[in-house]
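Have a look at the structure below, then the notes.
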Amino acid sequence: MKKDKFKKHYNPQTIEPKIYKSWEEEGYFAPKALKKTFTIAMPPPNITGSLHLGHALNATIQDVLIRYHRMKGHRTLWIPGLDHAGIATQNMVEKELSKSGKTRQDIGRAELLKLLQTWEKKYSARIINQFKKIGASCDWSRIRYTLDEGYARAVKKAFILYKKKGYIKRGQRLVNWCPRCKTALSDIEVEHREEKGRLYYLKYRLLKKKEDQKFEYLTLATTRPETLLGDSAVAVNPDDKKYKKYIGRKIFVPLVKRKVRVIADEAIDPKFGTGILKVTPAHDAVDFEIGERHHLKKIKVIDEEAEMTGPIPLKYRGLDRFKAREGVVKDLKQEKILVKTEGLTHKVPYCYRCGQMIEPLISKQWFLSMKKLAEPAIKVVEEDKIEFVPERYKKVYLRWMKSIRDWCISRQIWWGHKIPIKGEEDVLDTWFSSALWPFASLGWPKETKDLQTFYPTSVLTTAKDNIFLWVARMIFSGLFFMDEIPFKVVYIHPTILNAEGRRMSKSLGTGVDPLDLIKKYGADATRFGLIAKAGHNQEIRYSESSIVAGRNFSNKMLNATRFILMNIEKNKIDGFEIDNDILSDKKLLKIEANKKTVELLKKTKSEIEKHILDFRFNLAADSIYEFFWHQFCDKCLEQNKDNLYQGSEQEKKKVLKFLIVVMADSLKLAHPFMPFVSEHLWGELNKALKIKANPLIITPWPK
RNA sequence: GGUCGCUUAGCUUAGUUGGUUAGAGCGUCUGGUUUACAUCCAGAAGGUCGGAGGUUCGAAUCCUCCAGCGACCACCA
């Protein structure tokens, strides 16, 4: 053997790209077999940037499933895709734009869309390249984008069908408004952060009754004193004895000198603050509901820019909401209305995309009525027609689905699907289009052959962040439009944290680029290192040593093959068809190590299959690692060396054939996890035996 | 306020229905290798399985309580 041709260290950098190219060119990623289908619609990554380790893990998981089923002879399809990711992408482009001091309003819609399309091209290409580098065997001929032409048809159709059946309604309701993105958001797009705030105790004066001698006051507490400018009632709990006598009385809202009523509502917690609530229906969700119950005026005092507006003293008008608070507090102090303040910890809503504080306000938006749509989506999960893995997420899903509220689906941004109503300028929530993914990616609303063949899909694997935003919505959408579940299993993979146990963050510089790892250790090593940690756990602490172990394992496989190849050269056994009959040869099995190896090989095969089907990839990876390294290499190869060196010609050949067969099966078992090195070594092995064999990717899984 | 998860060797962790000396990788230590691999081999040290009770012939595993960490949900004004 020529040393320069087959070095003792595996070199993924040169081998991996060649192998990927050959797989792709030969069309092995497209579904071929006729037996039972296995389908995964890849969670389409946002085109906001490049893929991170979480994506790499998810891609590996899917690829393991896909490669396993392909080798099992199933008609296997993995549809790749990309998501235009509405607000997220627009924000990235706006951020770029802001470097030249401009806003989207400065350049206008058409110009911003141009920038977005440039962005889209750049990052789509980058993401696709990353998937290829990691070895993803998805069918690129079927790639879909949530903003492509066919997809736009699907979104339009979906909107119209919902509307026709009365599920979509337009209305003035209280929504979560992001003053930076200048759009409404759905409830789950709001992030609540715990913060230290201040509770202001304010003394409101009651209108005097004729018989009264003195003025009477009610003291209430608020964290947002500036909103009192929009107060239209003061509320107490109907059972609160302290305040019962005030119900129905009129009271002055300070600074605006507005006369409002003291009302009684169950929503008031007598134990919070003083047990009295100032009601601002236009700027608070609870207050809005109280307002609806008591037919209160909704007085808008904060506008879409988060500046003060409406029927308020001139001095506040146009002030930013935080500045307005300062002003209001100062004036309240002066008028001796502010009794006291105290600190408190509470949760403040922020935009999940840009981090700006949300301003609840009333706005005309489109809503999808959820109650009825949720019913079948609850049923299919309760009846285990859709299974969550790990099972604990079933409860998480059901709890949310059972308390679901209407979904605000319109957005006042420019990047996305336009609402298909004449004269309507708004776009749809990006998740409205993602919700259609499992069937729209297969061609819906057209009745395509793919749709007939591959829907419902088999497995959806995603991060737990997406359970409500995406998974839940795919389930009710699939049931509504297809009258069929979108997938049978939802696997929620663990979240990758950094070594300190914190979330990896690009902005904090704690992210790891999978491409760097692939460059340094190879795709197989990266895949193995990641997946060896993924089971039913909820998080993974990332450590490079796991990837190093993967690298060493690749190398181990290479060297074991190298050893076998050297002996094939020495003992001419050209044309030996790899045949598992040798595993039951009685004479060979007299050697303890061989007997054990055959036993463990059988056990390993069944364990790996079981673990893959149970989504315990860590255990599957352990199994192949343990068997191959510590049984086959450390025991079996070592103990057969004597026979290979000293045995008779016939004995040598027999032993060698035995080793070849175990090696070949090991490569097959390793292939879903480490596709490149296994494919490469499979090729070398067959070449040395002068056998024309199919590539490993389409070789049947060992029996 | 509620729900869920985690806590096992110096570090990262496996341990799926309770059952022989609790496994592994990294690190450490000792020894080895002229012909597959030092990205290696043989071996060693290192764990009262977060704490306290309980169930059981038997508990890392089941139950109760407690502590620390983390995630999520909720109309904490």
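The values are calculated or read from the model by the stated rules, or taken from the named source; none is laboratory data. These numbers come from a predicted model, not from an experiment. Note: ideal-geometry Cβ built from the backbone for every residue, glycine included; neighbour counts use all protein chains shown. When the accessible area is computed, the model is the full protein with side chains, heavy atoms only, and any ligands, DNA or RNA have been set aside. Shrake-Rupley method; radii C 1.70, N 1.55, O 1.52, S 1.80 Å.
A Förster radius of 30 Å, combined with the Cβ-Cβ distance separating A:Ser545 from A:Leu613, puts the computed FRET efficiency at roughly 0.55. Across the options A:Ile413, A:Val396, A:Ser363, the greatest Cα extent toward the positive end of the charge dipole of the range A:358-455 (unit charges at beta carbon of Lys, Arg, Asp, Glu) belongs to A:Val396.
The calculated P(r) of the range A:238-377, using every Cα pair and 5 Å bins from 0, goes 2, 7, 12, 18, 20, 18, 11, 6, 3, 1, 0, 0 in percent. Going 7 Å from the Cα of A:Thr453 toward and past its Cβ, which residues in the range A:26-66 have a backbone nitrogen under 18 Å from where you end up? What the label zone holds, given the 18 Å backbone N cut-off, is A:26-42, A:66. Projected label points at A:Gln650 and A:Ala267, each 7 Å from Cα along the beta carbon direction, are separated by 9.2 nanometres. Taking the alpha carbon gyration tensor of the range A:295-386, multiplying each eigenvalue by 5 and rooting it gives semi-axes of 40, 18, 14 Å, largest first.
Taking every alpha-carbon pair under 8 Å whose residues sit at least 6 apart, the range A:403-512 reaches a relative contact order of 20 percent. When peptides A:355-365, A:44-54 are sorted by average Cβ neighbour count within 10 Å, with the highest value leading, the order is A:44-54, A:355-365.
Take the Cβ-Cβ distance between A:Ile421 and A:Leu589 as r, set R0 to 51 Å, and report the resulting FRET efficiency rounded to the nearest 0.05. If you can, show how the numbers build up before the last one.
On the way: r = 75 Å, r/R0 = 1.47.
Computed FRET efficiency for A:Ile421 and A:Leu589: 0.10.
For the range A:67-187, the Kirkwood estimate of the hydrodynamic radius, built from every pair of different alpha carbons, is 18.0 Å.
To check you understand DSSP bridge types, tell me what percent of the beta bridges within the range A:457-612 (both residues inside) are antiparallel, rounded to 5. Beta bridges within the range A:457-612, antiparallel portion: roughly 10 percent. Each part reduced to its alpha carbon centroid, the range A:398-472 and the range A:497-531 end up 30 Å apart.
How much length is gained on full extension from A:Arg173 to A:Lys99, taking 0.36 nm per residue of separation minus their Cα-Cα distance? Provide the component values of the computation, followed by the final result.
Values: separation 74, 0.36 × 74 = 26.64 nm, distance 3.55 nm.
Taking A:Arg173 through A:Lys99 to full extension adds about 23.1 nm, to one decimal.
Of A:Glu382, A:Glu375, the residue with the largest accessible area leads and the full order is A:Glu375, A:Glu382 (1.4 Å probe).
What number comes out for accessible area per residue over the range A:313-434 if the probe is 1.4 Å? Units Å², please.
Values: 6080 Å² over 122 residues.
Using a 1.4 Å probe on heavy atoms only, each residue of the range A:313-434 averages 50 Å².
Helical runs (DSSP H, four residues minimum) scored at -39500 (n - 2.57) apiece and divided by the length of chain A put the mean residue ellipticity at 222 nm at -13000 deg cm²/dmol. Restricting the calculation to Cα atoms, the range A:579-686 shows an Rg/Rh of 0.99 when the hydrodynamic-style radius is the Kirkwood one.
Evaluate E = 1/(1 + (r/R0)^6) for A:Lys257 and A:Leu344, where r is the Cβ-Cβ distance and R0 equals 22 Å; express this FRET efficiency to the nearest 0.05.
Working: r = 29 Å, r/R0 = 1.30.
So the FRET efficiency works out to roughly 0.15.
Between A:Lys572 and A:Glu25, the modelled labels are 3.3 nm apart [label points 7 Å from Cα along Cα→Cβ].
All other residues whose Cβ lies under 10 angstrom from that of A:Lys347 are scored, Lys and Arg at +1 and Asp and Glu at -1, for a net of -2.
Dipole magnitude for the range A:248-291: computed about the Cα centre from +1 point charges on Lys and Arg Cβ and -1 point charges on Asp and Glu Cβ, it is near 500 debye.
Note that the range A:1-116 presents 44 Å² accessible area per residue, ligands and nucleic acids not counted, probe 1.4 Å.
Rounded to a whole number, what is D in µm²/s for the range A:78-121 from Stokes-Einstein with the Kirkwood radius over alpha-carbon pairs (10 °C, 1.306 mPa s)? It would help to have the intermediate numbers written out before the result.
Working: Rh = 11.2 Å.
Calculated translational D: 142 µm²/s.
Per residue, the accessible area of the range A:572-703 comes to 46 Å² when a 1.4 Å probe rolls over the protein heavy atoms. The largest-to-smallest principal axis extents of the Cα set in the range A:366-511 are 52, 39, 34 Å. Here the range A:656-671 is scanned for amide nitrogen atoms under 16 Å from the site 7 Å beyond the Cα of A:Lys72 along Cα-to-Cβ, giving A:669-671. Taking 0.36 nm per residue of sequence separation and removing the Cα-Cα distance, the A:Glu599/A:Asp516 pair yields an extension gain of 25.9 nm. Taking the 1.4 Å solvent-accessible surface of the range A:1-137 as the whole, the part contributed by carbon and sulfur is 54%. Across the options A:Phe476, A:Val253, A:Gln117, the greatest Cα extent toward the positive end of the charge dipole of chain A (unit charges at beta carbon of Lys, Arg, Asp, Glu) belongs to A:Val253.
The magnitude of the dipole of chain A, with charges of +1 and -1 set on the Cβ of Lys/Arg and Asp/Glu and taken from the Cα centre, is near 1300 debye.
In percent, what relative contact order does chain A have, based on Cα pairs under 8 Å that are 6 or more apart in sequence? Please report the intermediate quantities before stating the final value.
On the way: 1235 pairs, mean separation 114.5, N = 703.
With pairs under 8 Å counted, the relative contact order is 16 percent.
State the antiparallel share, in %, of DSSP beta bridges confined to chain A, rounding to the nearest 5. List each step's numbers first, then the result.
Values: 50 of 73 bridges.
Here the share of antiparallel DSSP bridges comes out near 70 percent.
Projected onto its three principal axes, the C-alpha set of chain A covers 122, 53, 49 Å, listed from the longest axis down. When the charge dipole of the range A:271-313 is built from unit charges on Cβ atoms (+1 for Lys and Arg, -1 for Asp and Glu) and taken about the Cα centre, the candidate among A:Val301, A:Phe272, A:Ala285 whose Cα reaches farthest toward its positive end is A:Phe272. Among the protein heavy atoms of the range A:163-312, carbon and sulfur supply 47% of the accessible surface, probe 1.4 Å, non-protein parts ignored.
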